[in-house]
Amino acid sequence: MRLLKKVATVSKIVKQNSYYQIVQVKETEFPAISFIQFVGSLSKGDKVILNTTATELNLGTGGYDFVIAKIGEGCLSFEDEKESHIMKLNYTPLQFSTTFIEESEEYDEALRIFEEKGRIDAPVFVLTIHSHILPLLIGLNRSINDARVTLIIDDSACLPAYMSQTLDYCVKNNLVYDVITSGNSFGGKKEATNCLSAMIYASFANKSKVIVVSPGFGIKGSGKKFGSSAIRALESLSYAESLKAPAFLVPRISFAEKRDRHYGISHHTAEIAYLKGSGFFIPLPEFVHNDDLNEYIRRQLRKVESLLIDFKVQTDLLSDLREHSNYLRSMGRGIEDDPFFFLTPYSIGLNFGVVMDEAKRKKDNISG
């Protein structure tokens, strides 16, 4: 185990909002992120304890350290008017209580409806990477009138949702109706103990026409088979299936990747599909005038061919995304560098009706 800490002095407040501050300190070259609900507001000259583990190991936290605590505070509390006895980050030094949707009357009613129907009404689209959220939501909102999309963030990657510029952009541009942070993730509009109960709430309390489940940014990966936090998408697909919802795994596709395991279909998508095997579908765009690439992808997914829902996509759809290009980035690449990565979720959202109809046809054939 490595946990690297350092005492430092705040020299400058670089940025701040309602949730966190970014500060510069005298002792390191890296800026540090300080969460206000844990640390309080910092000022120039304050002494703090930093967690410098990621920057000293040169890991991908965006080049930031994190403030653990301010030194010299006699008593520091963060409270609001809501009472709850359920914890997040439980059994850690930063555990805190917060209000959960499962404690609400709205959830009680949603649960009653679910138990009466035996299923949820909304389809569930499961992502393996955070940077698919924006293109998928753009597509869904262009194809569905009043989509009322609920986005559920699981706790497999970045835990504080308010750190995501993507989520902030989606909320400010009315691309998402509600954001629910599940498990130990936090900072959404609402909090949930788990993704399954969040799906029930989204379907009946929010009356969402679509539910999207995603990790936060910064998924963990070892480079080995099954050794990535993206595998948690398997859980969300299983939850959706158990709630008798149409469930879809949004594939991660890239032909700009230098890593073999992510070239074409990412091994994350393939591993989840092979393990789960049934109870969901993979919407798979067929890119017009790119026969070689389409064939390459289909070969990668030949073991799960029965799960595929094909639809044709013109690559000039990329122009639809250019107005959002500042927020469409993944692994340092944008829409021009890695077009198929972003076209895939966008085209799935844009062809929502086609995808749903084909899923119903395939399910009916299986049942028949």
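Readers should treat all values here as calculations from the given coordinates under stated rules, not as data from a laboratory. Computed from a predicted structure; not experimentally measured. Note: ideal-geometry Cβ built from the backbone for every residue, glycine included; neighbour counts use all protein chains shown.
Per-structure values
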item: Debye intensity ratio I(q)/I(0), log10, the range 166-324, q values 0.14, 0.15, 0.20 Å⁻¹ (C-alpha model); result: -0.86, -0.99, -1.47
item: The range 246-288-the range 315-366 distance, computed between alpha-carbon centres (Å); result: 13
item: Average Cα contact separation per residue, the chain, under 8 Å, 6 or more apart, as relative contact order %; result: 15
item: Taking only Cα atoms of the range 101-367, radius of gyration then Dmax in Å; result: 17.2, 54
item: Computed magnitude of the charge dipole of the range 159-255 (debye, nearest 20; Cβ of K, R +1, Cβ of D, E -1); result: 180
item: Local electrostatic count, Thr53, Cβ distance below 12 Å [Lys/Arg +1, Asp/Glu -1]; result: +1
item: Whichever lysines have a C-alpha closer than 18 Å to that of Lys303, once near sequence neighbours (fewer than 8 apart) are set aside; result: Lys225, Lys276, Lys362
item: Under-5 Å amide H pairs with Val213, H placed in peptide plane, nonlocal only; result: Phe125, Val126, Leu127, Ile152
item: Those trypsin sites (Lys or Arg not before Pro) in the range 158-259 that DSSP places in a loop and that have at most 16 other beta carbons within 10 Å; result: Lys189, Lys207, Lys220, Lys224, Lys225, Lys244, Lys258, Arg259
item: Loop chymotrypsin sites (Phe, Trp or Tyr not before Pro), the range 276-368 (other Cβ atoms within 10 Å of the site Cβ: 10 or fewer; DSSP); result: none
item: Over the range 1-152: Kirkwood hydrodynamic radius from C-alpha pairwise inverse distances, Å; result: 19.3
item: Ranked packing of 65-72, 264-271, most packed first, by mean Cβ within 10 Å; result: 264-271, 65-72
item: Hull-based mean projected area of the range 5-70, where the convex hull spans the alpha carbons, in square nanometres; result: 3.8
item: Kyte-Doolittle at least -0.5, axis length at least 24 Å by Cα - qualifying DSSP helices, the chain; result: none
